[in-house]
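So the structure is just underneath, and the comments pick up after that.
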Amino acid sequence: MTSKGRGRIRIDAERCKGCGLCVAACPKGQVRLARGVDGRGIRVAEVGEGERCSACGSCFAVCPDVAITVYRNVGTPPVDGSPGRRQSPKRGPRHRKQAA
Amino acid sequence: MPMQDVEVVYQKPDAMTDVPFPYCPGCSHGTVHRLVAEVMDELDITERAIGVTSAGCSVRSWRQFDCDMVMALHGRGPAVATGIKRARPASVVFTYQGDGDMAAIGTGEIVHAASRCERITVIYVNNGVFGATGGQQAPTTLIGQSTTSYPAGRDPKESGYPLRMAEMLSVISAESYIARASVHDVAHILKTKKAIRKAFEIQIEGRGFGMVEILAACPTNWRLSPVRCMERIQSEMIPYYPLGEFSSRGKGGPVMIDEVLIAGFGGQGIMLMGKLLAYGAIYEGLEVTFYPSYGPEMRGGTANCTVVVSDQRIGSPVRNHFSHLMAMNQASVDKFSERVKPGGVIAYNQSLVASPPARTDVMRVAIPANRIALELNAPQSANMVAMGGLAHVLKRVSVPALVKGLMRVLPQYRHDAIALNQTAIQRGIEAVKQVLAAEEGA
């Protein structure tokens with residue numbers, strides 16, 4: 001999955017309970033709930049059609065089930081002033097690792 | 001089309017296990033768990049953190065944190081955490097409690113943990129209902145709020161008023177960090193994390209008790225969608241439970257606090273030294289506590305007293321570990337040397353101590369108190385010689401303040417001895433100066 005924006009997100013469909021907080025939090029309207037239900041009867045969150053994710057981390061911040069991972073495309077500038085950007089100084093090798 | 005290189009910017013913190021949360025959709029517990037785990041990652045304390053879980057929805061939060069966890073009896077989290085922290089002072093101890101646990105059955109424990117200024121961190125999640133048992137009214141339920149036990153809403157005539165725990169605890173001690181935060185939107189979630197981090201830092205630095213109250217949503221028992229719940233926190237809860245820091249040790253610079261243990265046997269004038277140090281510090285404008293401990297005998301038994309000197313209000317006169325030890329005899333060196341904090345000072349009466357303290361991570365100061373007192377032809381003034389030496393390494397109390405203190409602690413008919421005592425104090429200071437100069441030269 002590529003993105004024309006600065007980043008993208010991955011939603012762990014097994015952790016997601018479909019509360020919809022990420023849908024409300026995304027400033028670009030990039031997240032939505034699935035039309036159909038999964039095996040548990042839950043309409044899980046999914047990434048919409050758009051490719052305008054700025055990797056701001058709002059969906060990650062509000063997700064009560066920590067089901068979202070946020071990636072930023074290497075080489076794109078960070079989003080200045082976006083919520084969470086400066087507040088999450090994740091250090092250590094794990095946070096630096098390159099995703100496949 | 002080739003894959004773009006991407007890096008992870010936000011992901012599940014390491015201090016969290018992979019076990020999915022057992023909570024209802026939209027429940028704020030998960031968000032607070034993540035914030036605590038992120039703070040543990042950032043401060044790198046997961047290895048030495050010990051969490052205490054409470055009864056309620058978060059009862060099994062020991063499955064979520066990748067650190068050691070203990071499950072306490074309902075409401076007793078702060079008491080259990082007290083025991084853990086006192087037994088293992090190097091660990092970082094936190095409790096994770098809901099309002100049904102902390103503000104209802106556990107109100108006593110939290111108040112006394114705060115009053116003792118235990119070096120623990122309390123994460124208090126307030127959603128205003130008893131969630132796990134089916135949404136009954138809690139002490140924190142808002143006026144008029146409908147619950148399963150009071151469908152017509154909380155009536156203060158019958159059920160009283162919602163407990164504001166943060167405000168209550170904030171008036172107990174200045175050595176605390178008490179804050180209230182909320183997780184209803186991104187900006188407040190980030191502020192909540194800052195508060196949690198501060199509460200942990202204050203514990204790690206040994207500065208005081210930390211409690212963060214977090215306003216949280218319970219979509220199931222509020223009978224609202226998760227998004228509407230967040231709006232309700234903003235519109236209904238925050239007006240009653242204002243956010244902010246209520247008692248903050250985080251403001252200003254570090255706190256000056258010296259914990260002095262003076263120990264010896266009865267008849268050496270141990271209590272007089274303690275009282276004199278305490279009065280001297282009072283005359284220096286400092287906060288002081290004096291805590292004596294001795295047997296029924298005036299002479300011969302063991303005696304010690306703890307004097308805490310600080311530039312801020314003091315949480316407790318009782319200390320388990322000390323920054324300064326003044327040991328007047330061998331038994332006190334043997335008994336209390338291990339209780340001195342690394343980097344602290346052990347001053348000992350060289351005349352009566354044959355085997356000096358073995359520790360190398362503290363400053364050791366030998367004061368030949370009895371020998372100097374004999375030189376002054378006043379063997380009973382050995383304690384004042386030691387007092388002078390202690391005051392010199394303590395650097396908080398000047399000679400004039402001690403002399404003023406002497407007038408206070410000596411009875412009127414002994415005031416003729418003040419000049420002699422002042423000389424003894426002066427000799428003690430000179431003796432310590434010589435010792436320190438010799439060490440520097442060496």
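Below are the figures for this structure:
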quantity: Cα gyration tensor category, rounded, prolate or oblate, for region B:29-247 with a/c compared to 1.5; calculated: prolate
quantity: Cross-link pairs B:Lys157/B:Lys198; A:Lys28/B:Lys193; B:Lys157/B:Lys193; B:Lys198/B:Lys275; B:Lys12/B:Lys341; A:Lys28/B:Lys12 - those with Cα-Cα distance over 31 Å; calculated: B:Lys157/B:Lys198; B:Lys157/B:Lys193; B:Lys198/B:Lys275; B:Lys12/B:Lys341
quantity: At most 14 other Cβ within 10 Å, DSSP loop - trypsin sites (Lys or Arg not before Pro), region B:374-411; calculated: B:Lys395
quantity: Chain B: angle of helix B:77-87 to the longest principal axis, Cα-based, in degrees nearest 10; calculated: 40 degrees
quantity: Where labels lie 7 Å past Cα in the beta-carbon direction, separation of B:Gln136 and B:Tyr413 in nm; calculated: 6.8 nm
quantity: Nearest-20 debye value, region A:1-74 charge dipole, Cβ charges on Lys, Arg, Asp, Glu; calculated: 200 debye
quantity: DSSP-defined beta bridges in region B:29-247 - what % are antiparallel, rounded to 5; calculated: 15 percent
quantity: The protein assembly as shown - charge dipole about Cα centre, Lys and Arg +1 at Cβ, Asp and Glu -1, debye rounded to 20; calculated: 720 debye
quantity: Inter-part distance where region A:10-26 and region B:347-388 are each reduced to a Cα centre, Å; calculated: 69 Å
quantity: Estimated dipole of region B:317-411 in Debye, rounded to 20 [Cβ of Lys and Arg +1, of Asp and Glu -1, Cα centre]; calculated: 340 debye
quantity: Cα gyration tensor, region B:257-441 - rounded (a/c under 1.5), prolate or oblate; calculated: rounded
quantity: Cα centroid of region B:192-213 to Cα centroid of region B:103-129, whole Å; calculated: 14 Å
quantity: Residue (of A:Gly41, A:Ala67, A:Gly29) at the positive-pole extreme of region A:1-74, dipole from beta-carbon charges; calculated: A:Gly29
quantity: Peptide ranges B:132-138, B:23-29 listed from the most packed, as the mean C-beta count within 10 angstrom indicates; calculated: B:23-29, B:132-138
quantity: Largest to smallest principal axis extent of the C-alpha atoms in the protein assembly as shown, angstrom; calculated: 97, 64, 33
quantity: Three-way shape call for region B:127-169 based on the alpha-carbon gyration tensor, with the a/c threshold at 1.5; calculated: oblate
quantity: Relative packing of A:10-23, B:223-236, which averages over residues the other C-beta atoms within 10 Å, highest first; calculated: A:10-23, B:223-236
quantity: 0 to 90° range, to nearest 10: angle between helix B:418-441 axis and chain B longest Cα axis; calculated: 70 degrees
quantity: Of B:Ser310, B:Ala373, B:Ser58, farthest towards positive along the dipole that unit charges on Lys, Arg, Asp, Glu beta carbons give chain B; calculated: B:Ala373
quantity: Cleavage-rule hits (GluC sites (Glu not before Pro)) in region B:283-366: DSSP loop, at most 16 neighbouring Cβ within 10 angstrom; calculated: B:Glu297
quantity: Where labels lie 7 Å past Cα in the beta-carbon direction, separation of B:Lys395 and A:Arg10 in nm; calculated: 5.4 nm
quantity: Region B:392-421 residues near the modelled B:Asn377 label - backbone nitrogen below 17 Å, point 7 Å along Cα→Cβ; calculated: B:417-421
quantity: R0 of 60 Å, Cβ-Cβ distance B:Arg86-A:Lys28: FRET efficiency to nearest 0.05; calculated: 0.75
quantity: Exercise: per-residue mean of other protein chain Cβ atoms within 10 Å, A:66-73; calculated: 6
quantity: Acute angle (nearest 10 degrees) that the helix B:382-394 long axis makes with the longest principal axis of chain B, alpha-carbon atoms; calculated: 40 degrees
quantity: Alpha-carbon centroid distance for the pair region B:146-183 / region B:279-345, whole angstrom; calculated: 39 Å
quantity: Shielding of B:224-235 by partner chains, average beta-carbon count, 10 Å; calculated: 2
quantity: Chain lengthening between B:Ala152 and B:Tyr240 when straightened (0.36 nm per residue, less Cα-Cα); calculated: 29.7 nm
quantity: Antiparallel DSSP beta bridges within the protein assembly as shown, as percent of all bridges there, nearest 5; calculated: 45 percent
quantity: Label-to-label distance, nm, for residues given as B:Ser115 and B:Leu436 (7 Å Cα→Cβ offset); calculated: 4.0 nm
quantity: Length released on extending from B:Ser293 to B:Asp18, taking residue separation times 0.36 nm less the Cα-Cα span; calculated: 93.9 nm
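Every number in this text was worked out from the coordinates using simple rules, so none of it is lab data. Source: prediction; values computed, not measured. Every residue, glycine among them, receives a Cβ derived from its backbone with ideal geometry; neighbour counts consider all protein chains shown.
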